[in-house]
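In what follows, a single structure is set out as structure tokens and then discussed.
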Amino acid sequence: MTEIDTSVPHSARIWNYWLGGKDNYPVDEAAGDAYTAVFPGIVTIARSSRAFLGRSIRYLVTEGGVRQFLDVGTGLPTVDNTHEVAQRLAPESRIVYVDNDPLVLAHARALLTSTSEGVTAYEDLSLYEPEKILEAASRTLDLSRPTALILSGILGHVADYDRARELVRRLLAGLPSGSYLCVNDGSRGTDPDYENAQDSYNETGAVPYFLRPVDKIEAFFEGLELIEPGVVSVPLWRPEPSDEEPRPIGQHGGVGRKP
């Protein structure tokens, strides 16, 4: 197993820190605080992305009838992980988590607390191996039945946009009609302060994350039937009646159905 380096900041641990998690180190807190000093809104983006994930999974279970989830680029466990949201509504739901980060692997046991009726599994694979992901997922999921592919905050790590599109296509190719794609990622065109902060962060030598124009996020759904309201800033995607008045942020997402 790859050694976990706690001497340099790590994007998954920084994200965990912004979400209020405990799986981070002083070096991550320092990097997170340095980022928030430039752009305090990053905490809102992190938490709004997580809230969108929860709302989209609730939609997929209650209105889409989905009982199988393939969550690629899982990140560190925090609150309301995919299986927790899905199994709260449908205890029989089956979830496969995929990541290739040794830190996430070390915490994977927290992702495997399934209900007795359902199943969760963790596969140590890279987004860049879509066919291997599908093969591994098929050991837990019945890929002849509709499955929701979850890509939350992961595609921005793929520097080459055309390659990111191709990876999404290859993963969806292994899923049947009636399956869904759920994507949310950092976007350009809404918040210049976020864009400047992220561009500066990318220049530090840390693992970069690329914000993309909204039309490029929309294009991940090519060939799918977009669920209303389409690809929008994540607080605007089917907000709960109890949510405060949602305001656009530089994070866009949507859900699409494979015909």
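The values are calculated or read from the model by the stated rules, or taken from the named source; none is laboratory data. Given the structure is predicted, the values throughout are model-derived calculations rather than measurements. Please note: Cβ atoms are built from the backbone with ideal geometry, for glycine as well, and neighbour counts cover all protein chains shown. When the accessible area is computed, the model is the full protein with side chains, heavy atoms only, and any ligands, DNA or RNA have been set aside. Shrake-Rupley method; radii C 1.70, N 1.55, O 1.52, S 1.80 Å.
Below are the figures for this structure:
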quantity: Condition check for LEU181: of a type outside the set (Gly, Ala, Ser) and in contact with a strand residue (DSSP E or B) (Cβ under 6 Å, 6 or more places away or on another chain); calculated: yes
quantity: Subset of segment 16-33 [surrounded by fewer than 14 Cβ atoms within 10 Å (Cβ to Cβ) and aliphatic (A, V, I, L, M)]; calculated: ALA30
quantity: Residue check, SER48 out of contact with any Ser or Thr (no Cβ under 8 Å at 6 or more places or on another chain), open to solvent by less than 10 Å² (accessible area, probe 1.4 Å) and modelled with pLDDT of 90 or more; calculated: no
quantity: Residues being open to solvent by 20 Å² or more (accessible area, probe 1.4 Å) and either of a type in the set (Asp, Glu) or in contact with a Gly (Cβ under 7 Å, 6 or more places away or on another chain) (or both) - total across segment 154-187; calculated: 4
quantity: Selection count, segment 112-143, where residues are closer than 18 Å to ASN81 by Cβ, open to solvent by 40 Å² or more (accessible area, probe 1.4 Å) and of a type outside the set (S, T, N, Q); calculated: 4
quantity: Looking only at segment 240-254, and only at residues there that are part of a strand (DSSP E or B) and in contact with a helix residue (DSSP H, G or I) (Cβ under 6 Å, 6 or more places away or on another chain), the one that is farthest from GLY41 (Cα to Cα); calculated: GLY253
quantity: Members of segment 209-239 found to be hydroxyl-bearing (Ser, Thr, Tyr) and assigned to a loop (DSSP other than H, G, I, E, B), listed by number; calculated: TYR209
quantity: Pairs where the first residue, in segment 5-27, is more than 12 Å from ALA46 (Cβ to Cβ) and the second is open to solvent by 50 Å² or more (accessible area, probe 1.4 Å) and part of a helix (DSSP H, G or I), C-beta under 6 Å, 6+ apart; calculated: ASN24/TYR17
quantity: Matching residues, segment 58-111, being more than 24 Å from LEU134 (Cβ to Cβ), open to solvent by 30 Å² or more (accessible area, probe 1.4 Å), in contact (Cβ under 8 Å) with a residue 40 or more places away in the chain and not in a loop (DSSP other than H, G, I, E, B); calculated: ALA106
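Each row is one residue, and each column tells you yes or no for (1) surrounded by fewer than 20 Cβ atoms within 10 Å (Cβ to Cβ); (2) on the phi > 0 side of the Ramachandran plot; (3) among the small types (Gly, Ala, Ser); (4) modelled with pLDDT under 95.
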residue	(1), (2), (3), (4)
ASP191	no, no, no, no
THR204	yes, no, no, yes
PRO208	yes, no, no, yes
VAL214	yes, no, no, no
PHE221	no, no, no, no
PRO229	yes, no, no, no
PRO246	yes, no, no, yes
GLY250	no, no, yes, no
PRO259	yes, no, no, no
